[in-house]
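The block underneath contains the structure these notes are about, expressed in structure tokens.
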Amino acid sequence: MIHRLVHALAKGLALAGGLVLVAMLLLTVASVAGRAMSPLGLESIPGAYELVEMGTAFAIFAFLPWCQLTRGHVTVDLVMNAAGFRANRVVDLAANLLMTGAAGVVAWRLVLGMLDKQRYGETTFILGLPLWIGYAAAVVGAVLFALVSLYCCGRSLGELQAGHREEGAP
């Protein structure tokens, strides 16, 4: 049950990040095309840079939970292929513990940054959008990343104890 929920949340957030990337691509193309066609009376989209900046922050953090869940982070296979299954599971558990710590710190600091931006009422230069909105979007991914990392610790511990990978785990 928990595996399906974590899987669905991580995958859904990654898909949302992909949709945001496509939207940013279309926005950028429209803005650049408008600038290129200025002799025809068109112009670039005001604030496109600000929107792309916020969208990028969201997209980056939206992909991290899925990457963690599917073991998509970089590994040193050259060394680990020579080690046995148990050694690999111990390294997996240690890496997941470290990643959980790092993800927790990042989520914590993003929340504090978001609260600061909200408290001081900072806005973007052109559109006047509150900056905390971009932080809030990133916080969603960062918190899920920390939770998925914690789930992966439990998964790795279970695999270490069982002596094999969990069914359905990548």
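Observations on the model:
- Pair list, Cβ < 9 Å and 6+ apart or interchain, from region 46-66 residues that are surrounded by 18 or more Cβ atoms within 10 Å (Cβ to Cβ) to residues that are in a helix (DSSP H, G or I) and among the basic types (K, R): P65/K11; W66/K11
- Taken together, V148, V91, V143 contain a single residue that is without any contact (Cβ under 8 Å) to a residue 40 or more places away in the chain and within 17 Å of L9 (Cα to Cα), which is V143.
- Being more than 17 Å from A14 (Cα to Cα), hydroxyl-bearing (S, T, Y) and in contact with a helix residue (DSSP H, G or I) (Cβ under 9 Å, 6 or more places away or on another chain) holds for only one residue in T100, T70, and it is T100.
- All of R155, R119 fail the test of being of a type in the set (K, R), farther than 29 Å from R4 by Cβ and either more than 18 Å from the chain's Cα centre (by Cα) or crowded, with 17+ Cβ neighbours inside 10 Å (or both), apart from R119.
- Of the candidates M114, M99, the single residue that is in contact with a Phe, Trp or Tyr (Cβ under 7 Å, 6 or more places away or on another chain), touching a residue at least 12 places away in the same chain (Cβ under 8 Å) and either assigned to a helix (DSSP H, G or I) or not β-branched (V, I, T) (or both) is M114.
- Odd one out for M114, checked against (1) at pLDDT 95 or above; (2) touching a Cys at 6+ places or on another chain (Cβ under 7 Å): (2)
- Of the residues making up region 22-45, those that are in contact (Cβ under 8 Å) with a residue 12 or more places away in the chain and assigned to a helix (DSSP H, G or I) are A23, M24, L27, T28, A30, S31, V32.
- Test: residue in region 47-65 that is more than 21 Å from Y135 (Cβ to Cβ), among the acidic types (D, E) and either part of a helix (DSSP H, G or I) or modelled with pLDDT of 95 or more (or both): no
- When residues of region 1-59 are limited to those that are among the basic types (K, R) and under 23 Å from the mean Cα position of the chain (by Cα), the one farthest from A146 (Cα to Cα): R4
The values are calculated or read from the model by the stated rules, or taken from the named source; none is laboratory data. Nothing here was measured: the structure is a model prediction, and the numbers come from that model. Positions of Cβ are generated from backbone atoms using ideal geometry, with glycine treated the same way; all protein chains shown enter the neighbour counts.
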